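Visitor: Okay, here's the structure, questions in a sec.
Please treat every number below as a calculation from the coordinates, not as lab data. Please read all numbers here as calculations on a predicted model, not as lab measurements. With ideal geometry, Cβ positions are generated from the backbone for all residues, glycine too; neighbour counts draw on all protein chains shown.
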Amino acid sequence: MKFGGTSVGSAVNIKGVEKIITEGARKIVVLSAMSGTTNSLVEIASKIKKEKNDEATQIVNKLREHYIKTANELFEAGNAVLAAENLLNSEFDILAEKTRCKYSDLLEKEIVVAGEIITTKMVTLYLKTRGINVQLLMAVNFMRTDNNGEPDYYYVKESINREIAQYPDCNLFITQGFICKTMKGETSNLTRGGSDYSATIIGAAINAEEVQIWSDKDGLLNCDPRYVDETYALTSISYEEAEELAFFGAKILHPSCVFPVKGLKIPIKLKNTMNPDAPGTLISSESTGKYGEIKALAAKDNITAIYIKSASMLNAFGFLSKIFNVFNMYKTSVDMITTSEVAVAVTINDTSHLDDIVRDLSKFGEIECVGNQTIVCAVGNIPAQQSSISVKIFEAMSDIPIKMISFGASKRNITMLIDGNDKSRALNNLNKTLFKEKLCSAKK
Ligand code: ASP
Ligand code: MG
């Protein structure tokens, strides 16, 4: 069971988590840092990098106050509050000491994972004061990535099962999401939002019955509620559909987190800590939903489109492989691709090597780059012969310029590139057109 930042973001919410995790079968609970913490930690690291160490220390003090205030609301007896304050003070002293250091990549990595360490230690102490038999497992003892930054599944499996076996009488384990160590044994992380990924890696390692991801939403929503007024939670969705949605911007899931459990057919359940009675969304190998139906929309921002025009492409072979070789060389992954006889367009998200990529691509033709683009992705069960879906999509997009469009590689998504400024309008139009009936019945 993984609980996100909001789920552990206040004393009241932590008590809600307590109720959920102390029921039912033996389990491992993965916690994120209290909401807002990781952003503050990233800021602390960036202040240290700019040699503004005093400002970094001030942010640590603010965080310390926030955690101590939460502990005072959470812990009941006077001596329990004292124990919690001692714990938090010693953790924040360690963090404050780090703000006196010179910046390094490793220092930054050690700082950004502090939120998970402090939150799990505080929650474990709280559960212990409540008389609950609980054991804290430190993620650095089992969560290791290989030289490509991918989970070292064999190591994780061996290590975590060995740890658990030490506590045969314990039915409740708590551990940190997000945190991992590298092959060199250095602290690292699974990228932002990575606690979901921690949960499914662990789920696979222990061959869990189910992985539950608890957030502040009723499940995977049909559209992003930050952009549209009306949404509803899906009851079920397949692994592949969930992967597409997570990859193309559905914030509720880390884009990599479906993969570890997919092969083992371990279901993922998305649940709401603030509304635990809501059924949530089940992600499994079964694709439900009607044939020819769009289930949900997702959008991914900060996309750069690269247009490559070349007369020599006409009737030539090997052209695409030359182009992709450039992206390969700079380890930059391509999200969308469209081709015409004399041009290729691709989109990328990571622009850290854009200058090098453009220079190398220029050998093959004329290059144009356009930034601030957004990918809008409609996911569902879309057979090619289902023209009514395309009609609906184009109708919804009739006043929005589509820059690229991609369909057909899988029968699961129609992906469009639009200008970033058109995103909100596109999502609203599509939401209204594609989900009209469902939105009406969700209201009733
Ligand atoms: N706390 C980390 C983050 O904010 C990991 C997570 O919440 O999943 O990115
Ligand atoms: Mg998250």
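Visitor: Quick one: what are the phi-derived ³J(HN,Hα) couplings along the range 161-168, Karplus 6.51/-1.76/1.60 with θ = phi - 60°, whole Hz, x for glycine and proline?
Guide: 5, 5, 4, 5, 4, 6, 10, x
Visitor: Considering the dipole of the range 217-316 built from charges on the beta carbon (Lys and Arg +1, Asp and Glu -1) around the Cα centre, which of Ile283, Cys257, Ser238 is farthest to its positive end?
Guide: Cys257
Visitor: OK, next. Tell me, how many Å apart are the Cα centres for the range 1-63 and for the range 271-309?
Guide: When both Cα centres are located, 26 Å separates them.
Visitor: If you average the alpha carbon positions of the range 158-177 and of the range 99-148, how far apart do those two centres end up, in angstrom?
Guide: If we compute the Cα centre of each part, the gap is 15 Å.
Visitor: In straight Cα distance, which aspartates and glutamates are under 13 Å from Lys265, not counting same-chain residues fewer than 8 positions off?
Guide: Output for Lys265: Glu209, Glu210, Glu240, Glu286.
Visitor: Within the chain, what percent of beta bridges assigned by DSSP are antiparallel, to the nearest 5?
Guide: Values: 42 of 63 bridges.
Antiparallel: roughly 65 percent of the beta bridges in the chain.
Visitor: If eta is 0.692 mPa s and T is 37 °C, what Stokes-Einstein diffusion coefficient results for the chain, Kirkwood Rh from Cα pairs, in µm²/s? Working shown, then result.
Guide: Working: Rh = 23.8 Å.
Approximately 138 µm²/s, per Stokes-Einstein.
Visitor: What's the magnitude of the charge dipole for the range 378-444 around its Cα centre, counting Lys and Arg as +1 and Asp and Glu as -1 at the beta-carbon? Answer in Debye, nearest 20. Spell out each step's value before the answer.
Guide: Numbers: 11 positive and 5 negative charges, 70 e Å.
Here the range 378-444 has a charge dipole of around 340 debye.
Visitor: Continuing with this model, one more query. For a 26 Å ceiling on Cα separation, which of these pairs sit above it: Lys251/Lys331; Lys27/Lys269; Lys2/Lys157; Lys251/Lys438; Lys181/Lys271?
Guide: On the way: Lys251/Lys331 24 Å; Lys27/Lys269 14 Å; Lys2/Lys157 18 Å; Lys251/Lys438 22 Å; Lys181/Lys271 29 Å.
Listed pairs above 26 Å: Lys181/Lys271.
Visitor: Show me the ranking of peptides 113-126, 392-405 by mean Cβ neighbours inside 10 Å, starting with the highest. Don't skip to the answer; put the middle values down first.
Guide: Values: 113-126: 23.9, 392-405: 15.6.
Per-residue mean Cβ counts within 10 Å order the peptides as 113-126, 392-405.
Visitor: I've got another one for you. Order 204-211, 347-354, 145-152 from most to least packed using the mean count of other Cβ atoms within 10 Å. Kindly include the intermediate steps, with their values, before the conclusion.
Guide: On the way: 204-211: 18.1, 347-354: 16.4, 145-152: 14.2.
For the peptides 204-211, 347-354, 145-152, the packing ranking is 204-211, 347-354, 145-152.
Visitor: Continuing with this model, one more query. Would you grab the residues whose amide H sits under 5 Å from the one on Asn189? Only those 5+ places off in sequence or on another chain, please, with H modelled 1.01 Å from N.
Guide: Correct list: Cys180.
Visitor: Using the crude model of +1 on Lys and Arg Cβ and -1 on Asp and Glu Cβ, and no other charge, please compute the dipole size for the chain relative to its Cα centre, in debye to 20. Please report the intermediate quantities before stating the final value.
Guide: Working: 51 positive and 53 negative charges, 78 e Å.
Dipole magnitude for the chain comes out near 380 debye.
Visitor: Quick check on packing: order 231-243, 95-107, 157-169 by the mean number of other C-beta atoms within 10 Å, highest mean leading.
Guide: Numbers: 231-243: 21.5, 95-107: 15.0, 157-169: 13.3.
Descending packing order for the listed peptides: 231-243, 95-107, 157-169.
Visitor: Where the only charges are on Cβ atoms (+1 Lys, Arg; -1 Asp, Glu), what is the dipole of the range 80-131 about its Cα centre, to the nearest 20 debye?
Guide: Working: 7 positive and 8 negative charges, 31 e Å.
Approximately 160 debye in magnitude.
Visitor: Helix-only estimate, please: 222 nm mean residue ellipticity of the chain, summing -39500 (n - 2.57) across DSSP H runs of length 4 or more and dividing by its residues, to the nearest 500.
Guide: -12500 deg cm²/dmol
Visitor: What residue among Pro225, Gly185, Trp214 has its Cα farthest toward the positive end of the dipole of the range 93-236, where the charges are +1 on Lys, Arg and -1 on Asp, Glu, each on the Cβ?
Guide: Gly185
Visitor: Would you work out which of Ser333, Thr304, Val358 lies farthest towards the positive end of the dipole of the range 304-365? Charges go on Cβ: Lys and Arg +1, Asp and Glu -1.
Guide: After comparing all options, I get Val358.
Visitor: While we're on this one: If you average 1/r across every pair of different Cα atoms in the range 21-176 and take the reciprocal, what Kirkwood value do you get, in Å?
Guide: On the way: mean 1/r = 0.0589 Å⁻¹.
For the range 21-176, inverting the mean 1/r across all distinct Cα pairs yields 17.0 Å.
Visitor: So, one more: Can you bin the range 221-283 into rounded, prolate or oblate? Criterion: square roots of the alpha carbon gyration tensor eigenvalues sorted a ≥ b ≥ c, rounded for a/c under 1.5, prolate for a/b above b/c, oblate for the rest. Display every interim value, and only then the final one.
Guide: Working: a/c = 2.15, a/b = 1.32, b/c = 1.63.
Oblate, since a/c reaches 1.5 and b/c is not below a/b.
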